[in-house]
Amino acid sequence: MNLPRRPLAEHHHRLDLLASDLLRLRQALPPRDRLIVGLTHALRAVLAASLGYFATSLLGLEQGFWAAITAISVSQSSYAEVRNSSRDQFIGALLGGLIGMGAATLGQDHYLAYMLAVIVGMLLCSVFNLGAAGRVSGITTTIIMLVPHTGAFWQFALFRLGEVTL
């Protein structure tokens, strides 16, 4: 028998409802149980940060702390939260990185180019309803355009983009 297929948006909505129910239940836990949940979350975040940090080292990237920061920023307590946060992180970093690289190529030493690049990235994320990806886009653009670097700019930008996206 063929069952009707639900649209993907309906599945996401149901996952979001389940995530909010789970959050409400977690908040109702006694302090000891919340402590255990917090410890579990912290251990997962440290493991993810360590994996990101050492993965960048193995790839020969010099500033693996960006991967560790990113891993901690996307670590969440539930699958739905991780999925949304990771999606926003990846899309925001990619979009901000590409826009930042383009803007820096056109106006590398011009603060106006930086400001416009941040605005464009955040606006695009807003138009496409990508939530927190706009914030990550602005951060990635800032890293690419304002963090001092040595050597070829394109190499620096690609490395930073890879570290943040990883």
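The values are calculated or read from the model by the stated rules, or taken from the named source; none is laboratory data. Computed from a predicted model, the values in this text were never measured in an experiment. For neighbour counting, all protein chains shown are included, and Cβ atoms are generated from backbone atoms with ideal geometry for every residue, glycine included. Areas reflect the complete protein model, heavy atoms only, side chains present, ligands, DNA and RNA absent. Shrake-Rupley method; radii C 1.70, N 1.55, O 1.52, S 1.80 Å.
Rounded to the nearest Hz, the phi-derived 3J(HN,Hα) couplings of the range 51-60 under the Karplus curve 6.51 cos²θ - 1.76 cosθ + 1.60 (θ = phi - 60°) are 4, x, 5, 6, 5, 5, 5, 5, 7, x, where x marks glycine and proline. Between the helical axis of 8-27 and the longest alpha-carbon principal axis of the chain there is an angle of about 70 degrees. Within the chain, what whole-number % of the accessible surface is contributed by carbon and sulfur, with the 1.4 Å probe and all protein chains included in the calculation? Summing carbon and sulfur atoms, their accessible area is 69 percent of the total for the chain. Taking Phe156, Phe128 and ordering them by how much accessible surface each has at a 1.4 Å probe, largest first, produces Phe128, Phe156. Counting only Cα atoms, the chain measures 54, 38, 33 Å along its principal axes, largest extent leading.
Here's the picture: a label point sits 7 Å out from the Cα of Leu22 along the beta-carbon direction, and within the range 119-152 nothing has its amide nitrogen under 12 Å of it.
Extension gain, Arg34-His13: 0.36 nm per intervening residue step, less the Cα-Cα distance, totals 4.9 nm.
Per residue of the chain, the DSSP helices (runs of n ≥ 4 H) give a summed -39500 (n - 2.57) that works out to -27000 deg cm²/dmol at 222 nm. Placing Arg26, Arg14, Arg87, Arg32 in order of accessible area, with the largest value first and a 1.4 Å probe, yields Arg32, Arg14, Arg87, Arg26.
Using a 10 angstrom cutoff on alpha carbons, build the Gaussian network for the chain and name the most mobile of Ile119, Ile99, Ile36. Ranking Ile119, Ile99, Ile36 by mean-square fluctuation puts Ile36 first.
Computed over the chain with a Gaussian network model linking Cα atoms closer than 10 Å, the most mobile of Gly138, Gly92, Gly102 is Gly102.
Of the residues Val37, Val118, Val46, the one that moves most in a GNM of the chain with alpha-carbon contacts below 10 Å is Val37. Taking all Cα pairs closer than 8 Å and separated by 6 or more residues, the relative contact order of the chain comes to 22 percent. Rounded to the nearest 10 degrees, the inclination of helix 153-165 to the longest alpha-carbon principal axis of the chain is 10 degrees.
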